[in-house]
Amino acid sequence: MLQQYDPRNEHLLIYIDGELYPREEAKISVFDSAVQGGDAVWEGIRVYDGRIFSLDEHLERLQNSAHAMAFREVPSNEEIKAALFKTLQANGMRDETHIRLTLTRGKKITSGMDPRLNQFGPTLIIVAEWKPPVYPPEITLVTSSVRRNSAMSLDSKIHHNNLINNILAKIEANHAGADAGLMLDKDGFVSEANGVNVFCIRKGVVYTPHADSCLPGITRQHVINLCREQGIPIVEKNLSLTEFYTADQVFTTGTMGELTKVAEIDGRAIRSRMEEDLLEQIKGYFRAMTRSGGEPLPF
């Protein structure tokens, strides 16, 4: 599962602090905190048919992450929305678009770890690309030796740019010939895959790990809410690898790939004993949600 270059993205305009730059000219300072220490927060957001999906939820998480990181002079949601609209309009994008929204602590007066060196305010970066959901119909997972950070180390409630933990798990998956690395928490329970949340279905009940070590993903929460609205039993609990190996269905959730079926974990095929395809039902509810929900574009 390797993303491919889309020629439509050759002439992108990238937003950086109020200005739009051609793709090859879009740059930030070598003194920016994102370069110096991965000191930034971000959101992945998708555009469907003239609407930015779950925009308010993404901006709330961005603001909460920036506040937890003690960022100063953070732009308001209204300012960020205006920048998003400006970027999308300049690129002629109303559908099949994925946005990488990044807010760094900003430029430093000199190299160093101390946030007091950041005296210019945050840097806002918006990269909007032509990018339909990138996951294939089915993927495979392999358990990574890299443990997902617990709140004792780096709280997953902060959606930060320090992604080495996840990248190491992805490297292991690449070497194993799998699509993604399945990460466990410090106690050996399943947490998430390296870039997506995970669910399993057993005997008509949907399960997902507690959002302790894993990111409390927005698509994850949509699935939980949809199950509750549709009367589908949904449980958050500690889940072992064996419970995933022996599940009827396993799937991942995330903005980049939406809901994706998992066909195999660590060489074990996921074998359903259910007559109904509950995953397809949930995917149908989610597709309907994306067709009607979101912030309308003003152009």
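Values in this text are rule-based calculations from the coordinates and carry no lab data. Model, not experiment: these values are computed from the prediction. Virtual Cβ from ideal backbone geometry, glycine too; neighbours counted across all protein chains shown.
Mind sorting S272, S33, S76 by how few other Cβ atoms lie within 10 Å of their own Cβ, fewest first?
On the way: S272 14, S33 25, S76 10.
Fewest-to-most Cβ neighbours within 10 Å comes out as S76, S272, S33.
Can you put T97, T104 in order of Cβ neighbours within 10 angstrom, beginning with the fewest?
The most exposed by this proxy come first: T97, T104.
So for the pair V30, L241, with labels modelled 7 Å out along Cα→Cβ, what separation do we get in nm?
Spacing of the two 7 Å Cα→Cβ label points: 4.4 nm.
Which residues make up the longest stretch of the chain that has no GluC sites (Glu not before Pro) in a DSSP loop with at most 15 other Cβ atoms within 10 Å? Provide the component values of the computation, followed by the final result.
Values: sites that count: E10, E73, E275, E276.
The answer is 74-274.
Give a quick list of chymotrypsin sites (Phe, Trp or Tyr not before Pro) in segment 1-97 that DSSP marks as loop, anything other than H, G, I, E or B, with at most 11 other Cβ atoms within 10 Å. Working shown, then result.
Values: sites: Y5, Y15, F31, W42, Y48, F53, F71, F85; in loops: Y5, F31, F53, F71.
Hits after loop and neighbour filter: Y5.
Using a 7 Å offset from the Cα along the Cα-to-Cβ direction at both S145 and E19, what is the distance between the two label points in nm, to one decimal?
Going by the 7 Å Cα→Cβ label model, 4.7 nm.
Can you give me the relative contact order of segment 179-299 as a percent, contacts being Cα pairs under 8 Å and 6 or more apart? Walk me through the numbers on the way to the answer.
Details: 179 pairs, mean separation 28.4, N = 121.
For segment 179-299, the relative contact order is 23 percent.
Please go through the residue pairs K86/K108; K107/K157; K170/K283; K86/K131 and name each one whose alpha carbons sit more than 20 Å apart in this structure. Walk me through the intermediate numbers first.
Numbers: K86/K108 27 Å; K107/K157 24 Å; K170/K283 25 Å; K86/K131 18 Å.
With Cα atoms farther than 20 Å apart: K86/K108; K107/K157; K170/K283.
Using a simple charge model, +1 on the beta-carbon of Lys and Arg, -1 on the beta-carbon of Asp and Glu, nothing else, what dipole does the chain show about its Cα centre, in debye to the nearest 20?
260
For segment 191-299, which trypsin sites (Lys or Arg not before Pro) are in a loop by DSSP, counting at most 16 other Cβ atoms within 10 Å? Mind showing how you got there, number by number?
Values: sites: R202, K203, R220, R228, K237, K261, R268, R271, R273, K283, R287, R291; in loops: K203, K237, R271, R273.
Passing both the DSSP loop test and the Cβ count: K203, K237, R271, R273.
Give the span of segment 138-292's Cα atoms along each principal axis, as three whole-Å numbers ordered largest to smallest.
The Cα atoms of segment 138-292 stretch 37, 32, 26 Å along the principal axes, largest first.
For the chain, what does the helix formula give at 222 nm: sum of -39500 (n - 2.57) over DSSP H segments with n ≥ 4, over the residue count, nearest 500 deg cm²/dmol?
Values: 7 runs with 79 residues, N = 299.
The helix contribution divided over the chain gives -8000 deg cm²/dmol.
With an 8 Å Cα cut-off and a minimum separation of 6 or more residues, compute the relative contact order for segment 17-113 in percent. It would help to have the intermediate numbers written out before the result.
Numbers: 100 pairs, mean separation 47.6, N = 97.
Once divided by the residue count of segment 17-113, the mean separation gives 49 percent.
Quick one: compute the contact order of the chain, relative version, from alpha carbon pairs under 8 angstrom and 6+ residues apart, as a percent.
Relative contact order comes out at 19 percent.
Between segment 199-218 and segment 3-39, what is the C-alpha centre distance in whole Å?
34
With 30 Å as the cut-off, how large is the P(r) tail for the chain, expressed as percent of Cα-Cα pairs?
Working: 15258 of 44551 pairs.
Summing the P(r) tail past 30 Å for the chain gives 34 percent.
Could you list D179, D39 so that the one with the fewest beta carbons within 10 Å of its beta carbon is first and the one with the most is last?
Details: D179 25, D39 21.
Ordered from fewest to most neighbouring Cβ atoms within 10 Å, D179, D39 come out as D39, D179.
Please give me the summed charge of the neighbours of Q119: other residues whose Cβ is under 9 Å from its Cβ, Lys and Arg +1, Asp and Glu -1. List each step's numbers first, then the result.
Working: positive: K107, K108, R116; negative: none.
Net local charge, Q119 excluded: +3.
Starting from the Kirkwood radius over alpha-carbon pairs of segment 1-102, derive D by Stokes-Einstein at 20 °C in a medium of 1.002 mPa s and give it in µm² s⁻¹.
Details: Rh = 15.0 Å.
This corresponds to a translational diffusion coefficient of 143 µm²/s.
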